[in-house]
Ligand SMILES: [Zn+2]
């Protein structure tokens with residue numbers, strides 16, 4: 001099987017992107033995997049710190065690996081938003097395929113320093129482990145928002161600057177970069193997030209050359225996401241839309257079957273709801289009509 005890096009480079013070449021979907025339970029993983037398998041496209045499972053504290057760091061590695069082996073399928077695991085070197089190390093030691101060190105609340109210099117430490121450690125353990133870093137703040141929670149989160153500014157002067165991105169990539173040696181280009185974590189009520197700055201994506205891509213990752217794509221229009229992919233985004237993150245679909249379907253199922261106590265019965269519709277959202281996104285990211 002090809003490595004995650006090879007799949008990413010292939011996507012880059014094809015003008016497509018690999019879907020990255022977050023989980024904190026087995027049911028969501030099942031829904032995502034069903035959708036990917038149906039379309040035959042590679043997929044990345046993400047767990048940020050809170051999510052993996054819940055499902056278990058070692059346990060989620062075992063789950064994803066079991067699918068990869070049983071089905072000989074390109075499904076990979078990423079330690080999404082990780083806020084300290086210790087937590088990065090824990091994920092690498094547990095067997096994650098990729099990690100994201102998120103130091104957007106540190107100074108530019110400290111961000112470079114600790115990111116470099118994460119890169120050095122990952123490559124020492126296994127050169128195939130990919131390290132991604134963030135530059136620019138886009139908010140931190142995957143939920144339905146009433147307004148743009150505090151501290152997130154999406155006017156041009158606050159977006160990641162190409163020259164800054166170039167310096168950061170050269171000094172840290174990261175494999176991938178997640179820039180702030182008008183995207184926000186979570187999605188605004190009604191599902192209409194502000195437009196992405198496609199021009200800035202192109203400029204940053206031109207400056208750094210390495211694959212880029214679009215975070216917080218829940219709530220962005222399909223057209224915007226396609227343009228972002230064509231302009232250099234090789235992985236696209238979706239979390240909130242899956243969470244919303246799962247919860248809605250679960251509530252409905254519980255209401256309709258008040259006497260049902262078997263989780264494998266009342267969770268069925270929630271798994272299906274995740275599958276539907278993920279299939280739709282994977283078609284968009286992989287240009288499947
Ligand atoms: Zn993110």
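The values are calculated or read from the model by the stated rules, or taken from the named source; none is laboratory data. No experiment lies behind these values; they were computed from the predicted model shown. Counting neighbours? That spans all protein chains shown, and the Cβs are built from the backbone with ideal geometry, glycine included.
List of remarks:
- Residues of the range 106-117 satisfying the condition of being within 16 Å of the ligand (Cβ to nearest atom) and either over 24 Å from residue 185 (Cβ atoms) or modelled with pLDDT of 95 or more (or both): 115
- Per-region count, the range 229-253, residues within 16 Å of the ligand (Cβ to nearest atom) and without any contact (Cβ under 8 Å) to a residue 60 or more places away in the chain: 1
- Residue match in the range 179-196 (condition: within 26 Å of residue 11 (Cβ to Cβ), surrounded by 22 or more Cβ atoms within 10 Å (Cβ to Cβ) and more than 16 Å from the ligand (Cβ to nearest atom)): no
- Hits in the range 76-100 - residues which are within 16 Å of the ligand (Cβ to nearest atom) and without any contact (Cβ under 8 Å) to a residue 40 or more places away in the chain: 77, 79, 82, 83, 87, 88, 91, 96, 99
- Candidates 103, 122, filtered to the one that is within 14 Å of the ligand (Cβ to nearest atom) and touching a strand residue (DSSP E or B) at 6+ places or on another chain (Cβ under 8 Å): 103
- For residue 53, the conditions (1) within 18 Å of the chain's Cα centre (by Cα); (2) modelled with pLDDT of 95 or more; (3) buried (at least 17 other Cβ atoms within 10 Å of the Cβ) all hold with the exception of (3).
- Odd one out for residue 73, checked against (1) within 16 Å of the ligand (Cβ to nearest atom); (2) surrounded by 14 or more Cβ atoms within 10 Å (Cβ to Cβ): (1)
- Number of the exception - residue 131 against (1) within 16 Å of the ligand (Cβ to nearest atom); (2) part of a loop (DSSP other than H, G, I, E, B): (2)
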